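Following: one structure in structure tokens, then a few remarks.
The values are calculated or read from the model by the stated rules, or taken from the named source; none is laboratory data. These numbers were taken from a predicted model, which means no experiment stands behind them. For neighbour counting, all protein chains shown are included, and Cβ atoms are generated from backbone atoms with ideal geometry for every residue, glycine included.
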Amino acid sequence: MPDLNLVSGSAKILLLDDDEVFLHLCKSYLKKSEILNFELVTVNTAKRARLALEMDSFDCVVVDYTLPDGNGIELINELAEDVGDAMPGTIVLTGDSGDSAAIEAVKAGASDYLQKANMTQSSLCRAVSNAIQKSQLRMMHLSRVKELEVSNDTLKRRNEEIQRFYHTVSHEVKTPLTAIQEFVSIVNDGLAGEVSEEQKTILNYALESCDQIKIQFNELLEMSRFETGKMQVTLEPSNLSEVFNHCIIAATPSALAKNITLRLANDDVLPPVMMHPSRIIQVVSNLVGNAIKFTPEGGRVIVDAELVDLGDRVRLSVADSGCGIPAKDCEQIFERLYQVTPGSDLENESGMGLGLSIASQIIELHGGHIDVNSTLGEGSEFSFHLNTQRLHQDDAAVA
């Protein structure tokens, strides 16, 4: 039963019946109610009821099924068309019409129905109170839905503004940033005059900072594409060896700088997998880059791939001997802008905490997800699965 606290104070009731004695009885019952203070308006025809409803608003309408100029169901239907969401609670009173009237009342959206022969003060007051409560709950629900719709529209508008901001700032910053990078490179290469080793070190820091800014802007734009649903991938049969070659060659200088062993554990020939090659390269490069970043000098980073699920899928993994990830962070590291405080004294490169979030969403577009298994002080392993071309063809044949 609804909470009676939803109804308090007084409520305005329209009573419609052509039986004056019965109307008097209903008024007597409702005036004795201990639940609410009812303000009552009585009419004896559908026409007068329509006039009353046009001139005033009511919390509940109690209407007889059979009227001199129509019936209560027709009146309820007309009222629903006229007031729409502001429809008050309605109760249909049935006399000799039997179950058919009750069924019609329910279909018309009446809150309740009562048989006159069995009606008591308690049943009438309870039915009216419940009808008002149902109406209030419905109005509260509709109000909340409208509030949520307004909030959703506001969020969509703000999100669009953010996307425009990302693109505008990216365009406005990247152009002068590229010019800065070119000028610094010219000086660093000695084309503008002799440069000392100390100056080269400083200039290299400047170039690295420019690269980092570019990466961060690209990540922001990538994330905005995911959020607006504009990021799509086209899956095609592709060779994983090309992915691994690209990623390991690109990451080798960073690994050598820290004397980290970077290798591919399995060089077996694997079947073609369904993927968007450049996006999988992006994911593996991110995982390898993070592994090198959080692995101390002299450590190792292992890239691996193996057939699983009877050869239907390939499991790709990147494992390191780094600082590891606290258990409390493992479930959150794929959230955007979330950054883990390393469990060691390693110097953490600057970043925005978007790389893993983007990688995770790319794998989701491939129909999978990234798993992480990590132990503090020992290292971490990130892994995901890709479907082979054979599984894709089998699924297509079944479909």
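Between a first residue in the stretch 17-36 that is assigned by TED's automatic domain parsing to the domain that holds Cys60 and a second residue that is among the aromatic types (Phe, Trp, Tyr) and crowded, with 17+ Cβ neighbours inside 10 Å, which pairs have beta carbons less than 6 Å apart while being 6 or more apart in sequence or on different chains?
If the second residue must be among the aromatic types (Phe, Trp, Tyr) and crowded, with 17+ Cβ neighbours inside 10 Å, the pairs left are Leu30/Phe38.
May I ask you to verify whether Asn159 is surrounded by 10 or more Cβ atoms within 10 Å (Cβ to Cβ) and within 30 Å of Cys26 (Cα to Cα)?
Working: surrounded by 10 or more Cβ atoms within 10 Å (Cβ to Cβ): yes; within 30 Å of Cys26 (Cα to Cα): no.
In short, no.
Given Arg336, Arg390, which one is among the basic types (Lys, Arg) and either under 30 Å from Ile213 (Cβ atoms) or modelled with pLDDT of 80 or more (or both)? Don't jump to the end; show me each part of the working.
Numbers: Arg390 fails: either under 30 Å from Ile213 (Cβ atoms) or modelled with pLDDT of 80 or more (or both).
Arg336 is the lone residue from the list that is among the basic types (Lys, Arg) and either under 30 Å from Ile213 (Cβ atoms) or modelled with pLDDT of 80 or more (or both).
In the stretch 87-118, what residues are touching a residue at least 40 places away in the same chain (Cβ under 8 Å) and aliphatic (A, V, I, L, M)?
Met87, Ile91, Leu93, Ala105
Here's a check for you: in the stretch 284-325, which residue that is among the basic types (Lys, Arg) and within 32 Å of the chain's Cα centre (by Cα) is modelled with the highest pLDDT? Can you show your working first?
Quick first cut of the stretch 284-325, residues among the basic types (Lys, Arg) only: 293, 300, 313, 315.
Filter once more, so that each one left must be within 32 Å of the chain's Cα centre (by Cα): 293, 313, 315.
Working: Lys293: 91, Arg313: 93, Arg315: 96.
Taking the candidates together, the pick is Arg315.
Output the qualifying pairs, or none if there are none: Cβ atoms under 9 angstrom, residues six or more apart or on different chains, first residue in the stretch 178-197 and closer than 23 Å to Gln212 by Cβ, second residue of a type outside the set (A, V, I, L, M, F, W, C) and surrounded by fewer than 10 Cβ atoms within 10 Å (Cβ to Cβ).
Val187/Gly193
Going by what's in this entry, would Val41 be described as in contact with a strand residue (DSSP E or B) (Cβ under 7 Å, 6 or more places away or on another chain), in the same structural domain as Ala108 (by TED's automatic domain parsing), surrounded by 14 or more Cβ atoms within 10 Å (Cβ to Cβ) and under 16 Å from Val106 (Cα atoms)? So that I can check it myself, show each step before the final result.
Values: in contact with a strand residue (DSSP E or B) (Cβ under 7 Å, 6 or more places away or on another chain): yes; in the same structural domain as Ala108 (by TED's automatic domain parsing): yes; surrounded by 14 or more Cβ atoms within 10 Å (Cβ to Cβ): yes; under 16 Å from Val106 (Cα atoms): no.
Answer is no for this residue.
Of all the residues that make up the stretch 103-113, how many are in contact with a Ser or Thr (Cβ under 6 Å, 6 or more places away or on another chain) and either more than 23 Å from Leu137 (Cα to Cα) or aliphatic (A, V, I, L, M) (or both)?
The number of residues fulfilling the criteria is 1.
Picking from Ser170, Ser122, which residue would you name as being under 40 Å from the mean Cα position of the chain (by Cα) and not aliphatic (A, V, I, L, M)? Even if it seems obvious, please write down each step before you answer.
Values: Ser122 fails: under 40 Å from the mean Cα position of the chain (by Cα).
Testing whether each residue is under 40 Å from the mean Cα position of the chain (by Cα) and not aliphatic (A, V, I, L, M) leaves just Ser170.
Return the pairs, sorted by first residue and then second, in which the second residue is of a type in the set (Asp, Glu) and in a helix (DSSP H, G or I), the first residue lies in the stretch 130-159 and is touching a residue at least 40 places away in the same chain (Cβ under 8 Å) and not assigned by TED's automatic domain parsing to the domain that holds Leu114, the beta carbons are less than 8 Å apart, and the residues are 6+ apart or on different chains.
Asn159/Glu227
Does the stretch 52-71 hold any residues that are outside any strand (DSSP E or B) and closer than 14 Å to Asp19 by Cα, and which are they?
We begin by selecting, within the stretch 52-71, every residue outside any strand (DSSP E or B); these are 52-59, 65, 68-69.
Within the stretch 52-71, Tyr65, Pro68, Asp69 qualify.
Which residue, of Gln163, Gln136, Gln216, Gln199, is part of a helix (DSSP H, G or I) and touching a Leu at 6+ places or on another chain (Cβ under 6 Å)?
On the way: Gln163 fails: touching a Leu at 6+ places or on another chain (Cβ under 6 Å); Gln216 fails: touching a Leu at 6+ places or on another chain (Cβ under 6 Å); Gln199 fails: touching a Leu at 6+ places or on another chain (Cβ under 6 Å).
Gln136 is the lone residue from the list that is part of a helix (DSSP H, G or I) and touching a Leu at 6+ places or on another chain (Cβ under 6 Å).
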